[in-house]
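Here is the structure we will look at, set down as structure tokens.
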Amino acid sequence: MRIALIALAAFALHAAPALAHPDHDDEEHEARTPQQTARDNVMRLISQAKLPASWSKATVAGTRERTSRGQRQTIVTFRNDAEPNAARKLFHVVLTAGGQFVSGDFRQP
């Protein structure tokens with residue numbers, strides 16, 4: 001009986017870390033689309049007062065890809081119909097292929 005208890009205790013000590021930490025593959029985050037990432041960056045620019053608050057309701061007007069200096073980039077264009085200045089109705093967000101923010105501008109890149 002003593003040997004069975006020792007074996008059970010050894011198994012419990014050996015298996016405890018595996019049982020305490022679930023497999024992290026089950027909790028993988030879904031890949032964000034370029035549109036979602038670009039919207040996050042627009043919201044960040046609004047919170048930094050670099051864009052007016054009306055841009056929080058802007059809609060995605062289009063997405064395109066380009067190559068710049070040998071690097072693939074995605075350009076997500078937002079349209080804000082609440083913007084009174086016609087030259088500032090479109091805002092272009094440039095992202096790397098990995099989803100990193102490169103720039104945002106009213107002029108088409």
> If Lys and Arg each add +1 and Asp and Glu each add -1, what is the summed charge of the other residues whose beta carbon sits under 15 Å from the beta carbon of ARG72?
Replying inline: +2
>> Through the Karplus equation 6.51 cos²θ - 1.76 cosθ + 1.60, θ set to phi - 60°, convert the phi angles of the range 86-102 into ³J(HN,Hα) values in whole Hz; use x for Gly and Pro.
In response: 4, 6, 10, 7, 10, 10, 10, 10, 9, 10, 6, 4, x, x, 7, 5, 9
> MET43: net charge of surrounding residues, Cβ under 12 Å, Lys/Arg +1, Asp/Glu -1, itself excluded?
Replying inline: +3
> Ratio of Rg to Rh for the range 24-95, alpha carbon only, Kirkwood?
Replying inline: 1.06
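Bear in mind that the values in this text are calculations on the coordinates, not laboratory data. Quick caveat: nothing in here was measured; it's all calculated off a predicted structure. Every residue, glycine among them, receives a Cβ derived from its backbone with ideal geometry; neighbour counts consider all protein chains shown.
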